[in-house]
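Everything on this sheet refers to the single structure shown next.
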Amino acid sequence: MKDWEIIATLFHGNGVFASATASYVNRSFKDTHSLLTKYHFTSGPLKGLVIGADLFHMGSLYLRPAPALPAWTTYGLFANYTIRSVQVGVNVENVTNEIYAAGGNNRYSIAIGEPRTYSMFLKYKF
């Protein structure tokens, strides 16, 4: 299936100093995973169409001395269509409208992640 792409990433680290107390490094996360898949239609009536989806997972974020922020996962969808020199596309990020703490500095400063967002684009190649 040469027209189908899958890209995956994985990071696992426990964010622990090698010390007797085994305390966590401030603003470190336990793990992240991402997955992107897309399909290119290269023949037939849908030739030029690309559809896909993505997933991003962030593990617990340690904010010393505050409790860790919980892990979260977001999903996205996208489609674009190319004909000759023109490409038009749409994206939806955070499809499930997940409410999550994307990061922070301490217990008093936490950044809330983006809600569901929609975007469109138009590209022309000269």
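Numbers at a glance
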{"quantity": "Residue selected from region 1-31 under the condition over 30 Å from VAL88 (Cβ atoms), in a strand (DSSP E or B) and among the hydrophobic types (A, V, I, L, M, F, W, C), by the criterion modelled with the highest pLDDT", "calculated": "LEU10"}
{"quantity": "Residue within region 92-107 that is of a type in the set (Gly, Ala, Ser), surrounded by 15 or more Cβ atoms within 10 Å (Cβ to Cβ), modelled with pLDDT under 80 and outside any loop (DSSP other than H, G, I, E, B) present", "calculated": "yes"}
{"quantity": "Subset of region 69-91 [surrounded by 13 or more Cβ atoms within 10 Å (Cβ to Cβ) and aliphatic (A, V, I, L, M)]", "calculated": "LEU69, ALA71, LEU77, ALA79, VAL88, VAL90"}
{"quantity": "Failed criterion for SER34 (all others in (1) in a strand (DSSP E or B); (2) loosely packed, with under 12 Cβ neighbours inside 10 Å hold)", "calculated": "(2)"}
{"quantity": "Positions within region 41-68 being over 14 Å from ASP31 (Cβ atoms), in contact with a Phe, Trp or Tyr (Cβ under 7 Å, 6 or more places away or on another chain) and part of a loop (DSSP other than H, G, I, E, B), in sequence order", "calculated": "LYS47, GLY48, ARG64"}
{"quantity": "Residue pairs meeting the criteria (Cβ under 6 Å; at least 6 apart or on separate chains; first under 17 Å from ILE112 (Cβ atoms), in region 40-68; second part of a strand (DSSP E or B) and at pLDDT 95 or above)", "calculated": "PHE56/SER34; PHE56/THR74"}
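The values are calculated or read from the model by the stated rules, or taken from the named source; none is laboratory data. The model shown is predicted, which means the values in this text are computed figures rather than measured ones. In this analysis, Cβ positions are derived from the backbone assuming ideal geometry, glycine residues included, and neighbour counts consider all displayed protein chains.
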